[in-house]
Amino acid sequence: MASAHTTAVAPEGGYQFYVTEDPHHHDDGEHHHETGTMLGFWIYLMSDCLIFGILFAVYAVLGQSYAAGPSPADLFELDKIALSTAFLLISSITYGFAVINMHQDKQKTMVNWLLITGLFGLGFLVMEVLEFQHLWHLGAGPGASAFLSSFWFLVGTHGLHVTCGAIWLVILLVQVKMHGLTHENKRRIMCLSLFWHFLDLIWIGVFSFVYLTGVLL
């Protein structure tokens, strides 16, 4: 608990008291706020992990229910999926470079790396939208079979998360431009870093469990 310091001065005619605040009080408040924010964000990520776990489980149950329709081998184009996967993996690496420069207070270089991250994330989203359009034109919409329903739900939920992350990234860039690398902006950048890397890990699971397993097995 922060305490106050009291100083007594004895001028002519009596005493005068000065009360000063504990210099560590403000720092302790910032530390507790930062710890609470990061803890809350980790709890959010764990809840998101449960959501994706449920979606993976649903796909595991329904992934072979084709209803006499097309199978993954008939629909998936692994070369294009691999390209979009590379976009997302590279974006995670570039975000790591942005965080390194943030810790070194190199704002301009950090912003450049974040812009590159956003471009790779946008490339991933464009590839995903093109894939969905291709499937729709083939008549492989979410209502065609239980397999496609679970596929669209799982991949679409991940794509929605990446979209939210990209919007968050744009907002952060605006905040950094307006206020610089403040303590609050650094904390927000670190939260988005956790979110972005989390989406990367989820996509590795999607690519391996949905695409590779579906086409090669």
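The values are calculated or read from the model by the stated rules, or taken from the named source; none is laboratory data. Since this is a predicted model, take the numbers as computed values, not measurements. No Cβ is skipped: glycine too gets one built from the backbone with ideal geometry, and neighbour counts run over all protein chains shown. These accessible areas exclude ligands, DNA and RNA; they are computed on the full protein's heavy atoms, side chains included. Shrake-Rupley method; radii C 1.70, N 1.55, O 1.52, S 1.80 Å.
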Working out 0.36 nm times the residue gap between L89 and T37, then minus their Cα-Cα distance, what length gain in nm do you get to one decimal? 16.1 nm
Under 25 Å from the Cα of K186 - lysines, other chains or at least 8 residues apart: K106, K108, K177
Per-residue accessible area, 1.4 Å probe, largest first, puts V111, V126 in the order V126, V111
Answer with one residue from I189, S150, A60: the one whose Cα lies farthest towards the positive end of the charge dipole of region 38-216, charges on Cβ with Lys, Arg +1 and Asp, Glu -1. I189
Determine the dipole magnitude for region 38-216: charges of +1 sit on the beta-carbon of Lys and Arg, -1 on that of Asp and Glu, nothing else is charged, the reference point is the Cα centre, and the result goes in debye to the nearest 20. 640
Which of the peptides 119-125, 54-60 is most tightly packed, and how do the rest follow, judged by the mean count of other Cβ atoms within 10 Å per residue? 119-125, 54-60
When the chain is fully extended, how far beyond the present Cα-Cα distance does V58 get from V129, taking 0.36 nm per residue of separation? 23.3 nm
Could you give each residue of region 75-84 its phi-based ³J(HN,Hα) in whole Hz, using Karplus coefficients 6.51, -1.76, 1.60 with θ = phi - 60°, and x for Gly or Pro? 10, 7, 10, 4, 5, 6, 5, 5, 5, 5
Got the relative contact order for region 38-216 handy, in percent, Cα pairs under 8 Å and 6 or more residues apart? 33
With a 1.4 Å probe and every protein chain kept in, tell me what percent of the accessible surface of region 64-217 is carbon plus sulfur. 70
Please compute the modelled spin-label separation between L78 and L160, points set 7 Å along Cα→Cβ, answer in nm with one decimal. 3.0
To the nearest 0.05, the calculated FRET efficiency linking M46 and T213 through their beta-carbon distance, R0 being 22 Å, is 0.30
Please sort by residue number the GluC sites (Glu not before Pro) in region 49-152 whose DSSP state is loop and whose Cβ has at most 16 other Cβ atoms within 10 Å. E77
